[in-house]
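The block underneath contains the structure these notes are about, expressed in structure tokens.
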Amino acid sequence: PTHHHHHHHLPPPPPPKSPPPPPPPASNTTLYSIRTPNSSEQLRTPHSSSLLTPPPPPTMLGRRCSPAVYRSATAAKRPLLQLIRGVGSTVQRRGFADGIPRSSVTVAVPATSANMGPGFDTIGIALNVWNTMTVERADKLDIHVTGEGKGKVPIDDSNLVVFGVKKAFEKAGEEMPPLRFKCHNRIPFARGLGSSSAGIVAGLMAGLVLSGKELPVWGSETFLQMACEIEGHPDNVAPAIYGGIQLGMYNGERWLSSRVNTPHGLQAIVFIPESIGETKVARAVLPETLTYEQAVYNISRASFLVNALNTNNLHDLQYATQDALHQPQRSAQFPHMEPVIKAAMDAGAHCAYLSGAGPSILALTSSAAGDVFTQTREERNERAVADAMAKAAEEIGAPGRIFITEPTQRGAHVLAADPPFSDRGRIHLFRETGEV
């Protein structure tokens, strides 16, 4: 009963301590008596004074949270605005024809590299390597794949992009219509660079746009919930959705994300072995239990990692990306791991680590100012690091390729839609490929 506080013609209002409407389950006790399942998490930092106000009255829940929280959430999730403009919710106030089913949509999703050493299942970084996908209504399910993974990825409904679209239509309360998928993949398939998360996120986003479904975002991160439900952990899907470097956690009720600063000028050098890595296999080698010593080792490194990134202290990354929870356990499976990491560090990389569940190895260098390829050789060491990594892998008989790229602050987004999002009159929405 969202309006009962305003019915003053009823018997005199009860004293302020009146019991709240249906009590939440016992496990739900929080600082306040909260009326909606999500509002406890909207009060993200109960210690900051601006948030120590009682929960907003029910009528304000149209905005999903108090203005102060709304502002801080908006600041933290700025790039999400681009995403939502694709799928709806902020759009009506901006003059786009919206919340309508569409006949086709093209989306782009970045590669992601999870863990960054110690942040197992928690931290991930989006890279400027993109999969694009066009989905259009058709007579029957049809999937065309070009680029990475062509001939390896399934071309039936077991493909994760189809799974994502299906889930989005379910959310809209509809059945998925027959669709034609055209996937152009630049993210290497099954190499620890988030190809499966990219498929899930691309499918969800395309399905939401095609169905015309709009999602609440501030305070509840509904899109993130849907992606994590499929993927099971947030370290790839959070950066795939929001871009940049993201932390993710499950608070017992839902998934939360938090953006970490990306130091300026970082370059990522990724060694991608020919062999593919199955996450299931990589997880099977991990032990059931850990010692306190291992836990402390990782807690300390993960803390240093986030602080080093937030304060642009790249010097600390060499220690901050060390790990005791999964890399040592996986070195038998990936004999190239230790030699390639060592070679990258010796050649001047700030850090190097196993990307996701492997087998790729990612090294970070910096010093890029403007276009890195026009800088003098002394100012940059990407080529030296790349050569050293390739050479170390060759020496132990593990052939592979190297990608040189950089982090991207941009997450998944819509590149084109029919009907378009730009209205015919004053408002034109631009993305890198032109008007949307």
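List, please: which pairs have Cβ atoms under 7 Å, are six or more places apart or on different chains, and start with a residue in the range 221-249 that is closer than 18 Å to GLY164 by Cβ and open to solvent by 10 Å² or more (accessible area, probe 1.4 Å) and end with one that is among the polar types (S, T, N, Q) and part of a helix (DSSP H, G or I)?
GLU231/SER197; ASN236/SER197
Condition check ((1) over 30 Å from SER303 (Cα atoms); (2) open to solvent by less than 20 Å² (accessible area, probe 1.4 Å); (3) free of Cβ contacts under 8 Å to residues at least 12 places away in the same chain) across all residues:
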{"site": "SER103", "(1), (2), (3)": "yes, no, no"}
{"site": "SER113", "(1), (2), (3)": "no, yes, no"}
{"site": "ASP121", "(1), (2), (3)": "no, no, no"}
{"site": "ASN128", "(1), (2), (3)": "no, no, no"}
{"site": "MET133", "(1), (2), (3)": "yes, yes, no"}
{"site": "ARG137", "(1), (2), (3)": "yes, no, no"}
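Would it be correct to say that GLY397 is open to solvent by 50 Å² or more (accessible area, probe 1.4 Å), of a type outside the set (Val, Ile, Thr) and assigned to a loop (DSSP other than H, G, I, E, B)?
Taking the combined requirement at face value, the residue satisfies it.
Can you name every residue in the range 410-430 that is under 30 Å from ALA114 (Cβ atoms) and either surrounded by fewer than 17 Cβ atoms within 10 Å (Cβ to Cβ) or of a type in the set (A, V, I, L, M) (or both)?
Residues of the range 410-430 under 30 Å from ALA114 (Cβ atoms): 410-417.
Result: ALA412, VAL414, LEU415, ALA416, ALA417.
For the range 260-277, which residues satisfy the criterion of being open to solvent by 60 Å² or more (accessible area, probe 1.4 Å) and over 17 Å from GLU148 (Cβ atoms)?
Taking the range 260-277 and keeping what is open to solvent by 60 Å² or more (accessible area, probe 1.4 Å), we get 264, 274-276.
Residue satisfying the conditions is HIS264 alone.
Return the residues of the range 278-298 that are within 22 Å of the chain's Cα centre (by Cα) and exposed (fewer than 15 other Cβ atoms within 10 Å of the Cβ); say none if nothing qualifies.
Listed by number, the residues that qualify are GLU278, LYS280, ARG283.
Restricting to the range 264-292, give me the number of residues that are in contact (Cβ under 8 Å) with a residue 12 or more places away in the chain and farther than 18 Å from PRO335 by Cα.
Keep residues of the range 264-292 that are in contact (Cβ under 8 Å) with a residue 12 or more places away in the chain, which gives 264-279, 281-283, 285-287, 290.
Next, only the ones that are farther than 18 Å from PRO335 by Cα stay: 264-269, 287, 290.
Selection size over the range 264-292: 8.
If the requirement is being in a helix (DSSP H, G or I) and open to solvent by less than 20 Å² (accessible area, probe 1.4 Å), which of these qualifies: LEU193, LEU208?
Working: LEU193 fails: in a helix (DSSP H, G or I).
Answer to the selection: LEU208.
The values are calculated or read from the model by the stated rules, or taken from the named source; none is laboratory data. Since this is a predicted model, take the numbers as computed values, not measurements. No Cβ is skipped: glycine too gets one built from the backbone with ideal geometry, and neighbour counts run over all protein chains shown. The area values use the complete protein model at the heavy-atom level, side chains included, leaving out ligands, DNA and RNA. Shrake-Rupley method; radii C 1.70, N 1.55, O 1.52, S 1.80 Å.
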